[in-house]
Structure formats: structure tokens, C-alpha cells
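See structure below.
Where a number appears in this text, it was derived from the coordinates with a stated rule and is not lab data. Just so it is clear, the structure is predicted and the values come from calculations on it, not from any experiment. Counting neighbours? That spans all protein chains shown, and the Cβs are built from the backbone with ideal geometry, glycine included.
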Amino acid sequence: TLLQPFDRLYYSGLRAYFQKDWLATEEYLLGALQSRARVRGAKVACHAQCQAEEDQGAGEGVPSHLQELGVFERVLKRAECQTYCLRQQVGPPSRHRTTQSVEDEFRRREPYNYLQLAYFQQQKLNAAASAAHTYFVANPRHLQMKEDITKYRKMAEVGEESFRDLEAQPHWEAYDAALSHYDADQYQEAIPLLEASLNESFRALEDCRVLCEGPYEEEESEEEQHKELYEAIADHYVQVLKCKQRCVLDIATKPGRRRYAIDDFLPSHFDMLHFAYASVSDWQRAIECAHTFLLFYPKNQTVTEKLRQYQSAAAEGLELTAREKVQLYIKRSLMEKTLIYYAVENLEVAFDDPDPWTPEDLIPEGVRERARVNKKKASDEDEPERGPPPYDGPTVTQNAQQLNGSQRVVVDGLLTDDECNSIIRLARVAGGSGDGYRGRRSPHTPYENFQGLTLLKAVKMVGEGLANIDDARHYLEASERSLKMTEWYFPTMDTPLHYSFTHLVCRTAIEGQQEGRIDLSHPVHADNCILDPESRECWKEPPAYTHRDYSAILYLNDNFEGGDLFFTDMDAATVTAQVRPQCGRLVAFSAGGENAHGVRAVTRGQRCAIALWFTLSPEYSEQERTEAEEYLKQMELSSAKTSQVEENSRRERGHSPEPPGTGERGDHQARTHKKKASKNRRDEL
Ligand SMILES: O=C(O)CCC(=O)C(=O)O
Ligand SMILES: [Fe+3]
């Protein structure tokens with residue numbers, strides 16, 4: 001049968017989806033996934049076939065001035081072969097060509113998002129769970145899907161085996177298994193898995209590279225059109241080379257960790273392998289893998305030293321050298337980089353080298369210089385275009401440069417002393433009210449008490465006659481000023497910041513227990529990712545609050561000892577800046593690993609602050625806040641009708657039991673597109 005173009009099938013699927021024709025949705029979407037898989041398979045197969053034919057027919061001794069014709073003879077034949085082959089396998093171009101945006105949707109696994117609901121509506125629950133799981137693996141921030149999966153897990157008829165990734169990539173399975181053995185010092189088990197991961201990774205890399213040989217992506221501007229012969233060829237060719245180079249990142253990026261490729265993915269395999277082989281006394285293999293690692297990093301001292309040890313441990317005789325496959329891989333990669341850098345220097349091409357191991361001398365001096373300047377600019381940064389500040393009073397007292405980092409700021413003068421005292425009073429009342437808000441042992445240290453008060457609880461306390469309405473109003477206003485200042489200082493391309501969580505927090509030193517304390521009030525952490533100081537990485541994945549984009553802390557007092565906030569490098573140890581709390585001082589920063597921070601022990605007195613986290617994703621905005629605001633407004637309007645107000649506040653927002661909702665899907669898509677656009681902007685800077 002004739003292949004149906006997968007983008008058409010996909011859109012037919014979406015149409016069916018919106019018409020609630022679930023069976024048709026299922027059929028179209030499955031068809032789309034299969035059709036795309038077939039096209040990709042055919043491209044890889046055709047590439048192999050045409051390459052083989054070309055190798056067979058390679059003649060020798062062509063005079064140099066005719067070489068170009070020789071090259072183009074090959075190009076023409078290749079074009080003919082490739083088109084013919086694809087036509088045979090999947091049909092004419094209209095059947096398999098598509099736009100980048102459809103391709104991106106498939107990469108993000110969007111079809112599974114719709115597919116799961118189509119399955120669910122037809123009561124095909126196991127299939128629905130698989131689709132949901134498959135989608136969620138690549139989109140771990142998708143709350144709706146997370147809830148849906150929880151629902152499927154509770155369903156008796158859905159078996160555990162349904163929660164599998166239908167698009168699982170073999171190299172990740174091997175890699176993850178390898179690492180868990182390796183980390184547990186089980187080298188015998190780790191070795192075959194590492195080798196498998198390596199093999200599968202190279203295979204995935206080659207497939208990815210073949211798929212780069214696709215259609216030319218037109219530039220947008222008008223004058224770019226109508227290129228001349230060599231210009232056009234060079235343009236397209238460099239585009240393809242860059243795409244091929246990027247494949248290194250592609251295979252090193254786990255689904256769901258977009259933009260967070262594992263650094264040095266291939267070389268690190270050999271670093272682990274030489275160690276693993278040595279641990280089981282396979283000296284020959286250890287030597288081979290150390291040599292191979294050194295192909296990437298010839299000057300690496302540690303591995304050079306290890307290699308020497310292995311060599312003296314190994315018996316005399318034949319010694320293995322670096323793997324040939326890797327030698328060829330590096331050679332090819334360096335040739336590609338040389339061409340790309342030529343284009344960077346001479347043809348106004350931009351290139352982000354994905355490999356940290358590229359030798360310095362391969363990068364043209366001009367490009368190196370430009371990179372240095374850009375880096376300096378980035379560290380001087382901090383002056384994006386921002387409008388006038390939202391308030392007159394507060395002033396920026398320390399910018400990112402003064403704070404030795406990026407995306408951090410200190411603003412003073414956000415609150416008056418009266419306002420600070422008013423908000424602290426609220427915290428004290430909450431702490432003393434004895435109904436669950438009482439200060440408890442801190443979750444972070446046994447030497448401090450810790451009490452937290454959300455906005456809604458504060459407002460409810462007012463409703464219960466336990467707290468002063470002005471104090472609650474000040475709490476609300478303080479949080480609003482913090483958001484406005486943060487939003488002003490960190491312009492985010494017209495995307496507004498939303499409150500994600502607001503917490504009034506006091507930390508109190510427990511008297512008599514402070515002698516010789518060496519711990520922290522709050523250990524070093526990042527607010528939206530799991531900090532791994534050892535690898536100096538920050539995993540942006542659950543259970544971290546990955547949707548938090550900016551953090552702000554508004555301090556309320558300074559009459560305590562200790563309790564300074566400090567920032568560190570990703571090693572969680574090197575302190576880069578320290579901030580002393582005081583009334584009305586706001587510290588705001590981007591919530592990722594670049595702003596790892598902690599709080600020094602509070603050794604005397606009570607330290608109070610409003611901690612706020614903001615998000616760019618409206619679906620993660622704080623629901624309680626609206627409730628608190630409305631409640632407060634009502635109380636202010638009619639303090640007499642409190643009974644009715646209480647009635648309203650009791651309305652709990654229930655969790656919809658079924659079916660999995662559709663509400664978020666459209667939003668999500670819009671958001672990812674926006675995110676992508678802003679990301680691209682950032683990359684260009
Ligand atoms: O109170 C502070 O200074 C920082 C608190 C903090 O980092 C947090 O709660 O995540
Ligand atoms: Fe924090």
C-alpha cells in the first residue's frame with residue numbers, strides 16, 4: 001500500500017480527536033507514528049545502500065582539475081539513487097516530507113498525548129496507560145499527565161507492565177543499567193552494559209546523522225533567497241554538518257531532559273570502561289580504553305597515569321591500542337568541525353560546538369576571541385532592557401556582578417519598619433496559636449524551630465479572629481511588591497511571572513543548644529533542581545519543583561545571630577556571595593543550579609522572611625492565593641457578614657475523579673512553543 005504522509009495522518013488524528021471520534025483518533029495517530037517510523041527506516045536503509053554502490057564504483061586517478069566534476073558526478077548519482085530508493089520504499093517526496101514544526105511535535109511525543117485520551121475514551125486502559133507513560137517520560141513537567149498516570153495506577157485492570165515507554169531508546173536502557181552497577185562497584189556486571197550502551201549510542205548517532213541529510217531549511221529574510229550555486233550548496237552543506245554535529249547532544253539527552261545533554265557522553269564511557277576493566281584485572285582492555293579516552297583528551301594527567309599503571313600490571317606481549325572505530329569517529333568529527341569553523345570565519349555562520357574536547361588549535365583565533373568577549377559580556381551582563389522600576393522607593397544595591405554570579409540581585413527598601421513588624425507579628429501569632437501552626441523542629445536542623453505560614457492560613461486566622469487584618473494585608477502587599485520587582489529586574493520576554501508558592505518562614509535558635517554548632521539552618525540546595533555537587537550538575541526533574549523559575553526572599557528583621565544567606569558554586573562548597581538579612585531587603589535569583597544557596601545557622605533569636613517562588617507556567621500558579629485575596633477582600637468589605645465568608649472559605653477545591661482532563665493540552669502546547677522561541681533568542685545572545 002501507498003504510504004500516507006505522517007503529518008497528514010497526524011492532523012487527521014487531531015481533527016478526529018476534536019470531533020471526539022476516538023477510534024479514528026487512535027487509527028490516525030498510530031498510522032502517523034508508523035508512517036514516520038517507516039520513512040526514517042527507509043532513509044537510513046537508502047543511505048547505506050547508496051553509500052555501498054558509490055564505494056563499489058569508486059574509480060581512481062582523476063586529474064585534479066576534473067575532480068569537481070567527479071565530486072558532482074557522485075552528488076548527482078547519489079541524488080538519483082537516494083530519490084529513487086526512497087520513492088521505491090515510501091513513495092514520492094510529498095508522502096514523506098514535512099515541516100520542522102511537525103517534526104518537533106513528534107520529537108516531543110505529542111501524538112501520545114492525544115492517543116492516551118482516545119484509548120481512554122474507548123476503555124482501552126492498558127494502551128492508554130502506555131501512551132500516557134510514553135508521553136510523560138518525555139514531558140515530566142506535564143502535571144495533567146502525571147495526574148492521569150496516578151489514576152491509571154489505581155485502576156485494578158491496568159497491569160504494571162503497561163507503564164512502559166513505547167519509544168524507549170536502547171542506549172539509555174543499557175546506560176542506566178550500566179551506571180547503577182558501576183555506582184555500586186559491580187564492575188563485572190557494568191562492563192557488558194557499558195559496551196552495549198556504547199554500541200547502541202554509536203548506532204543512534206549514525207541514524208541521527210543520516211536524518212540530517214534532509215531538506216534545506218530556508219532562512220526567513222527575503223534577501224537570503226536566490227542564492228548562487230556555491231553559496232547555496234555551501235549553505236545547505238554547512239547546515240547539514242552542523243546538524244550532524246548536534247547529534248552528539250541528541251543521543252546524550254535523555255527524553256524529558258531537553259536541553260540537558262550529558263556532557264562528554266561518549267568519552268565518559270571510556271573513562272568508566274578503563275576503570276571497570278582494570279577493576280576486574282583485564283589489563284589489555286583497560287589499556288585499550290584508556291588509550292581511547294586519551295584520543296579525546298590527550299593531555300589528561302589522571303588517565304595517562306592510570307595507563308602507565310595498567311601497562312606495568314599487564315604481562316609482556318601484545319598491547320591493545322585505541323579503538324579504531326573511535327579513531328575514525330574523531331577524525332571525521334574534526335574534519336567536519338574544520339569545515340564548519342571555516343564557514344564561521346568566512347560565511348557568517350554561527351556554531352555552538354557540542355564537544356568540550358575539541359582541540360583549541362582547531363578553533364580559529366578570531367572565533368576564540370569572540371567567544372572570550374561574549375563570555376565577558378555575559379558576566380558583565382545584568383543590564384538587559386528593562387522599563388522603569390515599578391516603585392520609586394526600593395533600590396538595587398547589589399547586581400549579579402557584585403554578587404559574583406548570574407541572575408541574582410539584592411534590592412533594599414521594599415518595606416518600612418512598621419510593615420516588617422506587622423508581618424512578623426502575624427508569624428508570632430501563628431506560632432503561638434497552638435493549632436498546628438506552632439513552630440516545630442526545623443526540617444533542616446535539630447537546633448532550630450521552624451514555622452511557616454501561607455497566605456491563605458494567615459487570612460483564615462484573621463477570619464477566625466486570631467490575627468489582625470492589617471497584618472495579613474501587609475503580608476499580601478509585600479509579596480506583590482516582591483513579584484513586581486523580580487519581574488522588572490529579570491525581564492522574561494513578555495511572559496508574566498506567576499506566584500507558585502508563598503511562605504512566611506521564621507527560624508528560631510533553640511536556646512542552650514547552640515554551643516559548637518557546625519551545621520546550617522538550611523543546607524545548600526537549588527530551588528528547581530536536584531543539586532549533585534559531585535558531578536556539579538543539577539537534575540531538573542521530580543521530586544524537585546522544576547516549574548519554579550525565579551526565587552525571591554524578602555527579609556523582615558536582623559535582630560538575630562547567624563542566618564546569613566549565601567550562594568555557592570555547583571560544588572555546594574565554594575561560597576561566591578553572602579547576604580545579611582535586614583528589614584525590607586529582597587534577594588531575587590533564577591531558581592536553577594547557577595544559584596545554589598544555603599542559610600547559615602541561626603544561633604540566637606528569630607529570623608523571619610517571606611520566601612516566594614515564581615513560575616513562567618500559568619498552570620503552576622498558586623491556587624490558594626486567589627482564594628486568600630478574595631477572602632481578604634470580602635472581610636474588608638463586610639466585616640459584619642463573617643459567617644457567610646467562612647462558608648465560602650470552606651469550599652474545598654475537589655480533585656476531579658475522572659476522566660483525565662483535556663484542559664491543559666492546548667495551553668501546554670502554546671507554552672512550549674513560546675518557551676522554545678525565547679530559548680532561541682537567548683542562544684543567539
Ligand atoms: O531564607 C532564606 O534566606 C533562604 C531560604 C531558602 O533557600 C529556601 O527556603 O529555599
Ligand atoms: Fe532555596
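A few comments on the model shown:
- Highest-first arrangement of 508-518, 552-562, where packing means the average Cβ count within 10 Å: 552-562, 508-518
- Adding -39500 (n - 2.57) for every DSSP H run of four residues or longer, then dividing by how many residues the chain holds, sets the calculated 222 nm ellipticity at -17500 deg cm²/dmol.
- Descending Cα extents along the principal axes, segment 471-559, whole Å: 50, 43, 21
- Ordering Ile149, Gln169, His226 by the projection of their Cα atoms onto the charge dipole of segment 140-255, which places +1 on the Cβ of Lys and Arg and -1 on the Cβ of Asp and Glu, puts Ile149 at the extreme positive end.
- Dipole magnitude for the chain: computed about the Cα centre from +1 point charges on Lys and Arg Cβ and -1 point charges on Asp and Glu Cβ, it is near 1400 debye.
- 0 to 90° range, to nearest 10: angle between helix 67-90 axis and the chain longest Cα axis: 70 degrees
- Out-of-range pairs (alpha-carbon distance over 28 Å; input Lys254/Lys484; Lys484/Lys540; Lys540/Lys633): Lys254/Lys484; Lys540/Lys633
- Dividing the radius of gyration of the alpha carbons in the chain by their Kirkwood radius gives 1.01 for Rg/Rh.
- Nearest 10 degrees, 0 to 90: helix 469-489 Cα axis against the chain principal axis: 30 degrees
- For the chain, taking a cut-off of 4.7 Å between Cβ atoms, the unpaired cysteines are Cys289.
- Look at the alpha carbon pairs under 8 Å that are at least 6 residues apart: their mean separation over the length of the chain gives a relative contact order of 9 percent.
- The ellipsoid that matches the Cα gyration tensor of segment 240-363 has semi-axes, each √(5λ) in whole angstrom, of 32, 17, 11, with the longest given first.
- Across segment 148-305, Cα pairs under 8 Å and at least six residues apart give a relative contact order of 18 percent.
- Phi angles across segment 275-291 convert, under the Karplus curve 6.51 cos²θ - 1.76 cosθ + 1.60 with θ = phi - 60°, into 3J(HN,Hα) values of 5, 5, 5, 5, 5, 9, 6, 8, 5, 4, 5, 4, 4, 4, 6, 5, 4 Hz, Gly and Pro given as x.
- Test item: Cα-centred dipole of segment 427-566, Lys/Arg +1 and Asp/Glu -1 on Cβ, debye: 400 debye
- Using the Karplus relation 6.51 cos²θ - 1.76 cosθ + 1.60 with θ = phi - 60°, the per-residue 3J(HN,Hα) values for segment 582-594 come to 7, 4, x, 8, 10, 10, 10, 7, 5, 8, x, x, 5 Hz, with x marking Gly and Pro.
- Degrees between helix 187-211 axis and first principal axis of the chain (Cα, 0 to 90, nearest 10): 70 degrees
- In the distance distribution for segment 146-258, Cα-Cα pairs more than 17 Å apart total 71 percent.
- Taking amide hydrogens as placed 1.01 Å from N in the peptide plane, the amide H of Ile530 sits under 5 Å from those of Trp539, Lys540, Glu541, each at least 5 positions away in sequence or on another chain.
- Cα gyration tensor of segment 494-603 - equivalent ellipsoid semi-axes, whole Å, descending: 24, 19, 12
- Leading residue at positive end of dipole, the chain (Cβ point charges), from Ala350, Ala478, Thr574: Ala478
- The residue list Gly413, Thr502, His269 was ranked by how far each Cα lies along the charge dipole of the chain toward its positive end, using unit charges on Cβ atoms, and Thr502 comes out on top.
- Looking at segment 156-251, the GluC sites (Glu not before Pro) that sit in a DSSP loop and have at most 16 other Cβ atoms within 10 Å of their own Cβ are Glu157, Glu167, Glu213, Glu217, Glu218, Glu219, Glu220, Glu228.
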